[in-house]
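Comments concern the structure below.
Read-outs throughout are calculated quantities, based only on the coordinates presented, and are distinct from any laboratory measurement. As the structure is a prediction and not an experimental result, all values here were calculated from the model. Quick reminder, even Gly has a Cβ in these numbers, built from the backbone with ideal geometry, and neighbours come from all protein chains shown.
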Amino acid sequence: MKLYDCARAPNPRRVRVFLAEKGISVPTEPVDLGALAHKSPAYTAVNPLQRVPALVLDDGTVLTESIAICRYFEGLQPDPPLFGRAGLEAAVIEMWNRRVELHLYFPVSQVFRHLHPAMKELEVPQVAAWGEANRPRVLEFLSLLNDGLAHRTFIAGDAYSVADISGLVAVDFMKPAKLTVPEDFAHLRRWHAAVSARPSAAA
Ligand SMILES: N[C@@H](CCC(=O)N[C@@H](CS)C(=O)NCC(=O)O)C(=O)O
């Protein structure tokens, strides 16, 4: 199997953090987004959507979408259960992971992609007004998350889960997007310090 990866991009990082939490190591091949290597014919043959990460299995099956890749590894190695145990626990984790993707990761990515000069070649056309429109959405969701974290250790409950991985990656992605977590979001800051201190965060 081979994981197409990119050290600086947030979605491949979600998979790397997930694998580190599981203690799984996978051969990787770097894809240089800066050099537009993901647009090459060779990589397009792997993933016609021209996005990373992509996981190629030994039988030739290609999995794209970070969460689909994570789910594959969860199936191979269920412990620790980062998608939760079947039933309510898994449903709550799924809900929070999706909320984080749609209401935090997505607006942060839109701010970055539509306002950062480095994204000019990848986001065509850049629409600055759309980037700006997403700034308040980030803060609205962070506020909701901060309130929830007053009552829970982690995003989806008292156990670390894939929702924390999506959250960590999204909050760290705020830095290149030139967004900051407000000083008074103390619960969010406590959670971020805790998940950042896990060895997996360095993956
Ligand atoms: N939904 C996909 C998103 C993958 C994605 O957008 N990857 C970014 C890097 S974080 C990418 O390949 N961008 C290339 C581009 O924008 O041209 C996932 O969850 O893996």
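Data overview
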quantity: Charge dipole of the chain about the Cα centre (unit charges at C-beta), most positive-ward option of Thr61, Ala42, Gly23; calculated: Ala42
quantity: Qualifying lysines (Cα of each under 19 Å from Cα of Lys175; at least 8 residues distant if same chain); calculated: Lys120
quantity: Positive-end residue of Val169, Leu122, Thr153, charge dipole of the stretch 112-203 with Cβ unit charges; calculated: Leu122
quantity: Under 13 Å, Cβ to Cβ, from Pro199 - net charge with Lys/Arg +1 and Asp/Glu -1; calculated: +2
quantity: Pairwise FRET efficiency - Leu144 versus Ser40, Cβ, R0 = 41 Å, nearest 0.05; calculated: 0.50
quantity: Straight-distance crosslink candidates among aspartates and glutamates, where the alpha carbon sits under 14 Å from Lys178 and sequence neighbours closer than 8 are dropped; calculated: Glu132
quantity: Two-site label geometry, Ala86 and Arg198: point separation in nm, points 7 Å out along Cα→Cβ; calculated: 2.4 nm
quantity: Restricting the stretch 1-95 to trypsin sites (Lys or Arg not before Pro) in coil, as DSSP defines it, with at most 11 other Cβ within 10 Å; calculated: Arg8, Arg85
quantity: Hydrodynamic radius (Kirkwood) for the chain, which is based on Cα pairs only, to one decimal in Å; calculated: 17.6 Å
quantity: Length released on extending from Asp172 to Ala129, taking residue separation times 0.36 nm less the Cα-Cα span; calculated: 13.2 nm
quantity: The chain, dipole about Cα centre (Lys/Arg Cβ +1, Asp/Glu Cβ -1), debye to the nearest 20; calculated: 340 debye
quantity: Amide H contacts of Phe154 (H built 1.01 Å from N, under 5 Å, at least 5 apart or other chain); calculated: Ala159
quantity: Cα-based convex hull, the stretch 14-85, per residue volume (Å³, whole number); calculated: 93 Å³
quantity: For the stretch 142-201, Kirkwood radius (reciprocal of mean inverse C-alpha pair distance, Å); calculated: 11.6 Å
quantity: For the stretch 68-83, Karplus couplings with θ = phi - 60° (6.51, -1.76, 1.60), whole Hz, Gly/Pro x; calculated: 5, 5, 4, 4, 4, 5, 4, x, 5, 9, x, 9, x, x, 6, 9
quantity: For the stretch 187-197, 3J(HN,Hα) per residue [Karplus equation, 6.51 cos²θ - 1.76 cosθ + 1.60, θ = phi - 60°, Hz, x = Gly/Pro]; calculated: 5, 5, 5, 4, 4, 4, 5, 5, 6, 6, 7
